[in-house]
Each structure stands twice: as C-alpha cells, then as structure tokens.
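Novice: A single structure is presented below for examination.
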Amino acid sequence: MPQPKQEKFLRSNADIAIFGGAAFSGKTFALLMECSRYSQHGGFGAVIFRRESKQVDNEGGLRDTALQLYAGLAEYRSQPQKQFIFPSGYRVSLAHLNQETDVVSWHGSQIGLLCFDELTTFTESMFFYMLSRNRSTAGIKPQCRCSCNPDSYSWVARFIDWWINQDTGFPIPERSGVVRYLLRRTNQEGRFGLNWASSRDVLLADLGFGKPTEAVLSAARERMRTAIENGQSPVDGTEEMDYLMERQAIKSVTFVPGNIYDNPIGMSADPTYIANLKAQDPVNRARLLDGNWKVRPQAGAYFPDRCAVVVDVIPSDVTIWLRSWDLAATEPNESETDPDYTVGALLGRRPNGIIVVADVVRFRKNANMVREMVKATAMRDGRNTLIYIPTDPGQAGRYQIASYREWLSEFTVLSKVITKNKLAMAEPAAALWQNRLIHLVNGAWNDAFIKELDLFDTGRYDDSVDALTGGISMLPQSTPEYSVYARR
C-alpha cells in the first residue's frame with residue numbers, strides 16, 4: 001500500500017506530477033507503483049528514464065526495485081531493451097537518456113506514461129522534447145510522472161518555484177499537491193517562456209485571449225473534430241479556434257514534496273540510513289535530508305583547504321598511476337584575456353584506498369601545443385601510467401578522443417563521455433577530500449591546486465577540480481587486478 005505522500009502523488013490527475021525533494025522518500029517506488037496502475041491495458045505503455053544506463057542497473061537501483069515490486073505480476077526481459085511485460089501486453093520499459101541527441105532515437109514513439117526518475121539530472125530540453133512523445137491512442141489520458149532530489153542549480157528548481165518558499169528554500173506545506181497550469185510558448189524575444197496561472201481560463205486571459213461564448217466554442221469544437229476526422233488542420237484563423245488550440249496546449253502541473261520521514265516503511269526496513277544522511281556535508285545534508293531547494297555550497301564547502309593533506313614523499317605502495325586531463329586550447333589574447341587552463345593531474349590509489357596526487361601540470365596553450373605537452377608528459381610518466389581524457393558529448397568530442405588515441409598510440413588512453421553536472425561529478429571526490437583520503441605530494445603546484453579546489457564552485461576556475469574528479473572516477477574503488485592495464 002502506498003504511504004500518504006505517495007498516495008497524494010498517485011491520486012493526482014495533473015498532466016505532469018513531480019514527487020520528492022529529499023532522499024529516501026519512496027520516489028522510485030512511487031513511480032513504479034504508478035506504472036503498475038495500467039497493467040490491465042495492453043494498448044498502453046510506460047517508460048521510466050534515468051540519465052545513465054548504470055543508474056538503471058546499479059545494485060538496488062531502478063531495475064532491482066522493479067523486479068521486487070513486479071515479481072509474479074510481469075515477465076522481465078532484458079533484450080532488446082529492459083522491459084516488464086504484463087499478461088495483458090502492457091509494458092513498462094526502463095531506459096536512459098545520457099546525451100541531448102539521445103532523444104532523437106525516440107522520435108515517432110508513443111509513450112502513454114512518461115516517467116523521469118531524478119528529473120534534476122536531465123536537461124530542460126530533454127524533458128520538453130520527450131513530452132512530445134507523451135501520447136496515447138488507448139483511450140487513457142497520457143501523463144508524465146517525475147521524481148527528484150533538490151538541486152538549486154537545476155532548471156527544475158525554477159520550474160517548481162511556486163511550490164517552494166524562496167526565502168527558506170523549503171516546500172510550502174499548504175501548496176503540496178496543488179495544481180497549477182502551464183503554457184510554454186514563444187515570447188516577444190522569440191524564446192520559449194513558461195507562463196503559469198491558477199487555471200486555464202486565467203492563464204489565457206493573462207496572455208490576452210478573450211474567452212468566446214460557450215455557443216461559439218461548441219461550434220469551434222465541432223469544426224475541430226470534423227477537420228481532424230478528415231485529416232485536415234483545424235486552424236481556420238478564427239479567434240475561437242485560436243483560443244481552443246492554445247487551451248489544449250496548456251498542461252496541468254503539481255509538485256508533492258517528500259522526505260525520509262514520509263517513508264516510515266523504508267525507515268523501518270533500514271533504520272540506519274538516516275545516519276548516512278546526517279553524516280553528509282552541510283549542503284548535501286540540507287538537500288537530501290531536509291529537502292532544501294535553495295542551499296548552495298559556499299567556498300570551501302566541497303574541498304575546504306583545512307582538509308588538505310600534504311606528504312613529503314610519494315608512497316611506495318601505489319598500485320597504479322593515472323594521468324587525468326582536463327583539456328583547454330586557448331592562450332591569453334586580446335579577445336580572451338583569461339581563458340581556461342589545461343590541467344593534468346597524476347593520480348594513484350593505494351591499497352588502503354587513499355588517493356595520491358603526485359604531480360599537477362597546469363598551462364594555457366593553443367591546441368597544437370597542448371597535444372605536444374600531453375605527449376611529453378606521457379613520456380615522462382612512463383608507458384605503464386594510464387592516461388584519462390574525457391570525451392565531450394557530440395561528434396566533435398568523439399573525433400577529439402579518436403585523434404588523441406592515435407597521437408598517443410603507444411600509451412593506454414581511457415575515456416568516457418562526461419555530463420555537464422560538475423557538482424554531481426565532484427561529490428565522490430569531495431567526500432574523499434573531506435575525510436582526508438586524498439594526499440598531495442609536496443610540490444610547487446600545491447598552493448594553486450589547493451586554492452582552486454577550496455574556491456569550488458564559486459571561483460573562476462574549475463579545471464583542476466575537473467582533472468581530479470574525472471581521474472578519481474576512473475580509478476577502481478577497491479583493490480583491482482591492475483595487470484590488465486600494464487604495458488609489457
């Protein structure tokens with residue numbers, strides 16, 4: 001049975017309903033329960049998206065939760081895509097949208113129930129494009145359901161700001177589950193804008209539409225029905241038809257906040273989890289435990305300089321080394337007096353889990369010189385040192401990494417496509433830093449490196465942070481068999 005906040009979310013008739021705002025409030029379970037509602041309708045279908053495929057497959061993640069909830073009710077198939085198929089033929093698919101261009105693969109799809117698990121990890125354009133796929137011919141109203149954790153930098157924070165106290169950052173209790181109406185249309189500057197109101201009629205009045213009489217509207221609806229049945233556009237240039245077309249484009253939206261205290265079943269099953277949330281840094285504790293949508297890290301919140309550990313010599317038990325790069329390609333010039341830096345951090349992991357930063361190079365050169373210096377650094381590090389170069393999204397990023405792999409053919413070059421959420425990428429490394437599990441070898445680079453990390457994410461530069469966090473993400477989290485990487 002759903003818990004009270006889950007039930008409020010599940011009972012909503014809004015076109016778009018968003019649930020959550022803190023960790024462990026039963027968000028994913030609520031999405032899966034919503035999907036199971038239509039299990040008897042074979043002509044209908046649901047898709048739940050996560051941003052990355054591993055977030056679908058992770059231990060205890062979306063797939064595992066679905067297997068638990070749908071056990072005995074639906075058949076699970078992993079190919080050609082992850083799906084739960086109910087006896088009626090109704091399907092719940094689990095998928096991911098990593099890059100902006102991934103939405104194109106869903107062109108032509110018909111998704112009756114469109115779900116986003118952790119909406120703040122998706123971009124605004126992904127969300128609104130996929131709404132164009134939210135349609136159904138099964139006689140069931142298409143709906144969009146989302147879960148989220150607070151992120152003050154996300155477009156979602158702006159999208160739901162009416163439900164949030166803008167002074168405190170906390171949800172306004174009496175607005176929980178209240179429906180608002182949204183019309184996304186081009187403004188006078190030619191850009192899409194979000195127009196909100198308490199009802200469809202008020203929204204159209206705010207936009208300058210006069211409401212026609214009911215008799216006129218009834219006649220317009222009949223003309224619209226006839227035109228559609230004949231395969232024609234209903235647009236006929238009349239004010240009443242324009243009114244109807246705009247009215248149909250309006251979406252109803254609601255937000256239901258929830259936190260760990262709204263999930264007594266989960267807390268009973270794992271009473272220690274709340275201690276994990278209380279142990280977070282102040283910013284993440286405010287977001288994940290308290291559900292605060294306005295809190296942002298100040299300087300020193302991620303990599304405070306007081307947590308820097310400097311050792312005199314390179315430890316002898318480092319299992320493997322990796323040089324992690326954050327590439328830039330511009331020298332200071334008249335038009336760009338303060339460009340980004342290219343940074344290469346030499347990282348190693350000790351058997352006890354401590355990360356060692358043995359060296360950091362930092363410079364601003366043009367693209368050709370950057371390539372030369374990356375190769376010179378690789379030759380100095382040695383062939384057994386792995387090289388990590390992130391791949392930017394899109395064709396240009398794929399071309400760049402292919403070019404570097406050819407340029408560094410005698411070395412082992414690792415790469416992965418990166419997302420633009422730098423804060424999320426930084427959090428694992430920040431946790432290590434705050435627990436003094438990252439040690440810097442004494443060197444002339446220490447002061448600038450520590451200062452840049454301390455100022456993240458309020459400072460001008462984040463190149464060193466990107467090199468550090470990217471490299472740590474590529475180092476195994478436990479003692480691995482590194483011989484597979486070693487050059488012979």
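The values are calculated or read from the model by the stated rules, or taken from the named source; none is laboratory data. If you're wondering where the values come from, they're calculated on a predicted model, not measured in any experiment. Here Cβ is always computed from backbone atoms with ideal geometry, including for glycine, and neighbour counts include all displayed protein chains. Protein only, heavy atoms only, side chains kept; ligands, DNA and RNA dropped before computing areas. Shrake-Rupley method; radii C 1.70, N 1.55, O 1.52, S 1.80 Å.
Novice: Any chance you could look up the accessible area of Ile228 with a 1.4 Å probe, heavy atoms only, rounded to 10 Å²?
Specialist: 100
Novice: Can you list the lysines whose alpha carbon is less than 16 Å from that of Lys82, not counting same-chain residues fewer than 8 positions off?
Specialist: The reachable lysines, counting only those whose Cα sits under 16 Å from Lys82, are Lys54.
Novice: Please list Arg50, Arg91, Arg223 from largest to smallest accessible area, probe radius 1.4 Å, with all protein chains kept in place.
Specialist: Numbers: Arg50 40, Arg91 120, Arg223 90 Å².
These residues rank, largest area first, as Arg91, Arg223, Arg50.
Novice: Quick one: Cα convex hull volume of segment 72-153, Å³ per residue? Walk me through the intermediate numbers first.
Specialist: Numbers: hull volume 10.0 nm³, N = 82.
Once divided by residue count, the hull of segment 72-153 is 122 Å³.
Novice: OK, next. Using +1 on the beta carbon of Lys and Arg, -1 on that of Asp and Glu, and nothing else charged, what's the dipole of the chain about the Cα centre, debye to 20? It would help to have the intermediate numbers written out before the result.
Specialist: Numbers: 55 positive and 56 negative charges, 213 e Å.
In total the dipole reaches around 1020 debye.
Novice: For a Förster distance of 30 Å, can you work out the FRET efficiency between the beta-carbons of Ala424 and Ala269, rounded to the nearest 0.05?
Specialist: For R0 = 30 Å, the calculated efficiency reads 0.70.
Novice: Something else about it: Just tell me which lysines come within less than 17 Å, Cα to Cα, of Lys5; anything on the same chain fewer than 8 places away is out.
Specialist: Lys27
Novice: Go through Met126, Met33 and list them by solvent-accessible area, largest first, probe radius 1.4 Å.
Specialist: Values: Met126 0, Met33 35 Å².
Final ranking, largest accessible area leading: Met33, Met126.
Novice: Out of [x] 0.95; [y] 1.69; [z] 1.02, which label holds the value of Rg/Rh (Cα atoms, Kirkwood Rh) that was computed here?
Specialist: [z]
Novice: Still on this structure: With +1 on the Cβ of every Lys and Arg and -1 on the Cβ of every Asp and Glu, and nothing else charged, how large is the dipole of segment 1-98 about its Cα centre, in debye rounded to the nearest 20?
Specialist: Numbers: 12 positive and 8 negative charges, 24 e Å.
Result for segment 1-98 is approximately 120 debye, rounded to the nearest 20.
Novice: Also, quick follow-up: Just grab the label-to-label distance for Arg380 and Val104, each label 7 Å out from Cα along the Cβ direction, in nm (one decimal).
Specialist: Taking the two extended label points, one gets 4.1 nm.
Novice: Which net charge results for the neighbourhood of Ile354, defined as the other residues with beta-carbon distances under 14 angstrom from its beta-carbon, given Lys and Arg at +1 and Asp and Glu at -1? All intermediate terms of the calculation are to be shown ahead of the outcome.
Specialist: Working: positive: Arg349, Arg350, Arg436; negative: Asp317.
Once all neighbours under 14 Å are counted, the net charge is +2.
Novice: May I pose another question? Note down the accessible area of Arg184, probe 1.4 Å, to the nearest 10 Å².
Specialist: Taking all protein chains as shown, Arg184 has close to 80 Å².
Novice: Something else now. Using a Förster radius of 51 Å, what is the FRET efficiency between Asn446 and Leu194 based on their Cβ-Cβ separation? Nearest 0.05, please. Before the final figure, lay out the partial values.
Specialist: Working: r = 46 Å, r/R0 = 0.91.
Efficiency for this residue pair is about 0.65.
Novice: For Asp317 and Thr168 in one chain, what is 0.36 nm times their gap in residues minus the Cα-Cα distance, to one decimal in nm? Mind dumping the intermediate values first?
Specialist: Values: separation 149, 0.36 × 149 = 53.64 nm, distance 4.84 nm.
Here the answer is 48.8 nm.
Novice: Output ³J(HN,Hα) for segment 194-205: one whole-Hz value per residue in order, computed from phi by the Karplus curve 6.51 cos²θ - 1.76 cosθ + 1.60 with θ = phi - 60°, and x for Gly and Pro.
Specialist: 9, 10, 10, 7, 7, 7, 5, 5, 5, 4, 5, 5
Novice: In percent, how large is the relative contact order of the chain, given Cα pairs closer than 8 Å and 6 or more residues apart? Display every interim value, and only then the final one.
Specialist: Working: 861 pairs, mean separation 73.6, N = 488.
Once divided by the residue count of the chain, the mean separation gives 15 percent.
Novice: Cα centroids of segment 24-98 and segment 360-420: how far apart, whole angstrom?
Specialist: Going from one Cα centre to the other spans 38 Å.
Novice: Now a separate question. Round to the nearest 0.05 the FRET efficiency obtained for Arg285 and Val235 when R0 = 45 Å and r is the Cβ-Cβ distance. Don't jump to the answer; show the numbers that get you there.
Specialist: Numbers: r = 53 Å, r/R0 = 1.17.
So the FRET efficiency works out to roughly 0.30.
Novice: Would you list the membrane-span-like helices of the chain, meaning whole DSSP H runs whose alpha-carbon atoms span at least 20 Å along their axis and whose mean Kyte-Doolittle value is at least -0.5? Mind dumping the intermediate values first?
Specialist: Details: long enough: 214-229 (22 Å, -0.24); 367-381 (21 Å, -0.31).
Helices meeting the criterion: 214-229, 367-381.
Novice: Report Asp317's accessible area, 1.4 Å probe, all protein chains in place, as a number in Å² to the nearest 10.
Specialist: 60
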